[in-house]
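Engineer: One structure is given below, represented as structure tokens, and several questions about it will come after.
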């Protein structure tokens with residue numbers, strides 16, 4: 001006998017979790033598509049040389065890698081960005097630009113599981129490649145907005161910033177040459193206390209006065225126009241800084257035109273994003289009721305996606321939904337449904353001699369757009385209803401020989417235990433319409 | 001510069017292919033759910049001992065296997081059945097039976113790519129576990145029927161048989177002890193000529209007379225009741241054979257009650273399914289216009305799913321949609337759409353000063369349920385429309401400063417090149433309704 005178990009850091013998704021995840025993926029797919037993003041997919045395995053050296057030493061160490069049957073060194077993808085860069089270098093000539101794609105798939109990292117991280121998780125990325133238009137930046141923010149709205153997550157805030165603004169501020173402080181370390185440290189704000197970040201900046205050799213100014217900048221908050229005015233002073237004469245501020249103003253105006261409610265998007269100068277490759281807008285988004293969860297959807301603009309694989313410059317902008325973090329957040333907020341079934345109606349198998357009638361009824365309900373589970377064995381009704389209740393079916397339909405004789409049916413609302421008699425006189429259309437109405441009005 | 005390339009036997013899915021695949025997956029998800037099947041997911045990686053020895057020597061050889069960072073021997077799943085068996089052994093006590101799940105995910109096999117096979121492909125399985133009820137068998141057939149109908153694949157035929165019938169026939173011929181080899185050989189009918197299969201049976205030591213009877217049985221075709229009558233003679237006194245025939249009769253009656261058109265399901269005694277573990281009904285399904293493609297959805301009943309991992313007997317029944325084969329078939333039949341975009345409306349960016357208006361219009365169309373791609377750069381209209389046509393957008397909406405001034409819009413049907421003027425007088429509701437009607441009526 002082999003012990004049935006999963007690998008450390010890996011997990012099964014049981015129906016309740018899988019249903020919740022499918023719902024979010026459906027919403028993401030619908031929103032991405034509503035802006036014209038098209039799906040793509042890439043292999044789970046890539047040549048090792050494609051994957052190594054793109055995400056830093058830590059990522060390389062975490063790579064699942066091996067030699068395949070043909071003696072090739074291969075690795076499992078650790079994100080969707082590196083494969084997308086390779087994909088674009090290979091296919092962009094035939095696809096044409098601007099190219100908008102989404103990609104929702106699993107990635108693998110041999111991470112330390114003590115931090116509560118999994119070694120297999122899903123990413124849901126969308127990107128617009130081959131254009132530097134600010135409209136593409138704006139659409140990125142709008143997609144994040146529509147996505148978080150459609151998920152029904154409660155109040156959220158999208159925090160935007162621009163790397164050029166940060167660059168301008170750093171220039172003004174004479175720190176341009178140390179931008180990478182400084183931005184990495186600033187990016188820890190939110191997770192680490194300002195004092196700790198300040199100490200780290202000092203350790204990088206940032207003068208005390210500059211540390212104070214940087215932390216002061218990161219603390220700026222309030223209505224966007226006030227934050228922008230304060231930043232205007234800080235970026236001073238920097239041309240890049242002024243471009244960044246103009247871009248942020250354009251984003252806010254565009255979002256207003258597209259109908260985004262005031263306050264949903266704020267300018268937050270502390271948003272830096274740790275990754276080196278961002279060059280323009282950057283964004284993060286947080287649940288207002290659970291800010292400590294961290295950003296659930298983040299991204300930004302980059303100058304060149306695929307410089308390691310092609311000489312063609314491929315600027316782009318995009319973001320990624322952290323679906324596992326989002327699901328954890330929804331669970332913590334009690335907003336995660338825990339039903340174990342996708343079906344709305346549990347049809348009790350009451351009287352074996354009526355099997356053909358049950359089959360006709362189930363087929364008619366399905367043709368009417370309802371999902372129906374017909375219990376496969378004529379067990380005791382109470383036993384069947386217990387299964388239905390445990391799995392979270394919203395309703396059960398009980399039709400025994402008496403009901404068939406009188407042309408009736410019992411519709412049970414399993415949440416309230418209320419029972420309604422349907423008079424359908426043997427007419428399937430009447431039954432289907434009645435069940436549909438009762439489901440809608442429940 | 002690193003050469004951007006995929007591994008041999010692996011491929012990228014570009015938007016046209018990915019859209020076609022997503023459409024089929026959506027349909028499968030909807031149909032599986034309509035019968036109460038719930039989604040699950042399992043890790044791509046499993047302990048090697050879970051995977052080896054379940055699919056035979058050939059499968060073991062093809063396994064992608066390696067030692068992970070923690071020194072564990074691991075493998076990538078080569079199908080969804082073995083992980084599901086492990087999953088059930090682990091979780092069935094908490095999930096309860098009957099348990100109905102679907103699982104749609106990639107699997108990996110280091111196969112010889114010369115046969116036109118890929119080393120990464122998708123499986124879409126559904127199974128009902130923990131019941132021996134013939135209703136579960138019937139539902140399996142009904143799901144396959146509803147699935148192939150919903151995909152809109154043209155005419156198809158579901159071919160059913162029962163392993164017990166085959167067993168009864170083999171018993172009658174004194175071949176019960178050699179059932180495995182005989183069934184493996186019979187399963188090649190359809191791919192191999194009857195003579196070749198006959199020669200193989202002879203090589204297994206099957207007497208000539210029995211070979212003739214077996215090939216005669218496999219040739220039986222026509223209306224189900226005639227085939228069943230002929231099989232009745234062949235199974236003779238075999239109790240199992242008679243049970244199998246009764247099961248097939250029940251399936252046909254149930255399918256009729258559920259509204260399946262006559263002729264869609266036929267009894268085909270040549271269907272054996274090569275896998276040893278089937279013990280009851282077996283089914284395959286074929287496109288009538290492309291039978292040489294092979295079965296696109298196959299399955300059957302098995303006595304015990306997870307005997308290697310648990311002592312609890314877990315009988316079940318299920319089937320698997322071969323989505324890659326189906327897509328190849330749809331392509332060959334010219335039934336595969338080749339659009340590269342999920343969006344219905346291409347909104348031309350005509351006049352930069354009207355950016356806020358375009359954003360409002362795009363938002364209103366999306367709120368009206370339409371997917372809209374707004375071109376991010378105010379390039380020449382002709383250039384934008386060329387992109388739209390190349391990507392297969394059904395329509396484009398052109399609104400320049402003249403149109404804004406007069407409260408009109410040009411709706412272009414990109415398939416017919418017909419242009420319609422919409423008078424919307426600056427009222428977004430009017431515009432949204434007009435575009436919606438034009439899309440529906442196109």
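Read the figures in this text as sums done on the coordinates, not as results from a lab. Keep in mind the model is a prediction, meaning the values are calculated, not measured. We place every Cβ from the backbone using ideal geometry, glycine too, and count neighbours over all the protein chains shown.
Engineer: Mind giving me the FRET efficiency for residue B:415 and residue B:352? R0 is 35 Å, r the Cβ-Cβ distance, nearest 0.05 is fine.
Structural biologist: The formula returns an efficiency of 0.75 here.
Engineer: In segment B:13-49, which residues have a backbone nitrogen under 12 Å from the label point lying 7 Å from residue B:338's Cα in the Cα-to-Cβ direction?
Structural biologist: Answer for segment B:13-49: B:16-17.
Engineer: Hey, got the average number of other protein chain Cβ atoms within 10 angstrom for residues in B:85-94?
Structural biologist: 3
Engineer: Just to confirm my numbers, what's the Cα centroid distance between segment A:3-33 and segment B:209-237 in Å?
Structural biologist: When both Cα centres are located, 47 Å separates them.
Engineer: Can I ask one more? Mind ordering A:99-106, B:327-334 by average Cβ neighbours within 10 Å, highest first?
Structural biologist: Final packing ranking: A:99-106, B:327-334.
Engineer: Between copies, how far does the label point of residue B:386 sit from its twins, in nm, shortest first, when each point is 7 Å from Cα along Cα→Cβ?
Structural biologist: 7.1
Engineer: Turning to a different aspect of this structure: What shape does segment B:233-371 have by the C-alpha gyration tensor, where a ≥ b ≥ c are the square roots of the eigenvalues, rounded means a/c under 1.5, and otherwise prolate means a/b greater than b/c and oblate the rest?
Structural biologist: Prolate, since a/c reaches 1.5 and a/b exceeds b/c.
Engineer: Would you compute, from DSSP H runs of 4+ residues alone, the mean residue ellipticity of the protein assembly as shown at 222 nm, taking -39500 (n - 2.57) per run and dividing by the full residue count, rounded to the nearest 500?
Structural biologist: It comes out at -13000 deg cm²/dmol, rounded to the nearest 500.
Engineer: Now for a different question. Could you tell me what fraction of 2.2 N^0.38 Å the Cα radius of gyration of the protein assembly as shown comes to, as a two-decimal ratio?
Structural biologist: 1.05
Engineer: Return the average number of partner chain Cβ atoms within 10 angstrom of each residue Cβ along peptide B:250-261. All intermediate terms of the calculation are to be shown ahead of the outcome.
Structural biologist: Details: counts 1, 0, 0, 3, 4, 1, 2, 8, 9, 6, 2, 0.
Neighbouring Cβ atoms belonging to other protein chains average 3 per residue here.
Engineer: Given axes a ≥ b ≥ c from the Cα gyration tensor, I'd like to know whether segment A:355-404 is rounded (a/c under 1.5), prolate (a/b larger than b/c) or oblate.
Structural biologist: Oblate shape, in that a/c is at least 1.5 and b/c is the bigger or equal ratio.
Engineer: Which angle between 0 and 90 degrees, to the nearest 10, do you get for helix A:15-34 versus the longest principal axis of chain A when only C-alpha atoms count?
Structural biologist: Once rounded, the angle reads 60 degrees.
Engineer: Starting from the Cα gyration tensor of segment B:378-442, take the square roots of the eigenvalues, sort them a ≥ b ≥ c, and report rounded, prolate or oblate (rounded when a/c is under 1.5, otherwise prolate if a/b is larger than b/c, else oblate).
Structural biologist: oblate
Engineer: In addition: Which angle from 0 to 90°, rounded to the nearest 10, does the C-alpha axis of helix A:428-441 make with the longest principal axis of chain A?
Structural biologist: The helix A:428-441 is inclined about 40 degrees to chain A.
Engineer: Remind me, relative contact order of chain A in percent, using alpha carbon pairs under 8 angstrom and six or more residues apart?
Structural biologist: 15
Engineer: Another question about this same structure. Placing a label point 7 Å from Cα toward Cβ, how far apart in nm is residue A:208 from its equivalents in the other copies, listed shortest first to one decimal?
Structural biologist: Label-point separations across copies, in nm and ascending: 10.8.
Engineer: Using a Gaussian network model of chain A with C-alpha springs under 10 Å, which one of A:343, A:415, A:20 is most mobile by mean-square fluctuation?
Structural biologist: A:415
Engineer: For segment A:197-350, what's the relative contact order in percent, using C-alpha pairs closer than 8 Å and at least 6 residues apart?
Structural biologist: 14 percent.
Engineer: Right, another one. Going by Cα centres, segment A:356-370 and segment A:300-339 are how many Å apart?
Structural biologist: Taking the Cα centre of each part, segment A:356-370 and segment A:300-339 sit 41 Å apart.
Engineer: Show me the ranking of peptides B:369-380, A:194-205 by mean Cβ neighbours inside 10 Å, starting with the highest.
Structural biologist: Output ranking for B:369-380, A:194-205: B:369-380, A:194-205.
Engineer: Still on this structure: Compute the label-point distances linking residue A:195 to its equivalents in the other copies; points lie 7 Å from Cα along Cα→Cβ; give nm, one decimal, shortest first.
Structural biologist: Listed shortest first, these distances are 9.1 nm.
Engineer: For segment A:345-441, calculate the relative contact order in percent as a whole number, restricting contacts to Cα pairs under 8 Å that are 6 or more residues apart.
Structural biologist: Relative contact order comes out at 27 percent.
Engineer: When only alpha-carbon atoms count, how far does chain A stretch along each of its three principal axes, as whole angstroms with the largest first?
Structural biologist: 89, 58, 45
Engineer: Please check: in the Gaussian network model of chain A (C-alpha springs, under 10 Å), which one of A:152, A:240, A:322 has the largest mean-square fluctuation.
Structural biologist: Ranking A:152, A:240, A:322 by mean-square fluctuation puts A:152 first.
Engineer: Please check: in the Gaussian network model of chain A (C-alpha springs, under 10 Å), which one of A:403, A:284, A:256 has the largest mean-square fluctuation.
Structural biologist: Taking springs between Cα atoms under 10 Å, the residue moving most is A:403.
Engineer: How far is helix B:224-235 tilted off the main Cα axis of chain B, in degrees rounded to 10, range 0 to 90?
Structural biologist: Once rounded, the angle reads 30 degrees.
Engineer: Partner chain Cβ atoms within 10 Å, averaged over the residues of B:18-29 - can you pull that number for me?
Structural biologist: Details: counts 7, 4, 1, 2, 6, 0, 0, 0, 2, 0, 0, 3.
For peptide B:18-29, the averaged partner shielding equals 2.
Engineer: Further, regarding this structure: Output the peptides A:286-293, B:62-69 sorted from most to least packed, where packing is the average of other Cβ atoms within 10 Å over each peptide's residues.
Structural biologist: So the order, starting with the most tightly packed, is B:62-69, A:286-293.
Engineer: While we're looking at this one, here's another question. Which residue is it, in chain A, that holds its beta carbon closest to the axis of the A-onto-B rotation, and how many whole angstrom away?
Structural biologist: So the closest residue, with its distance, comes out as A:66, 2.
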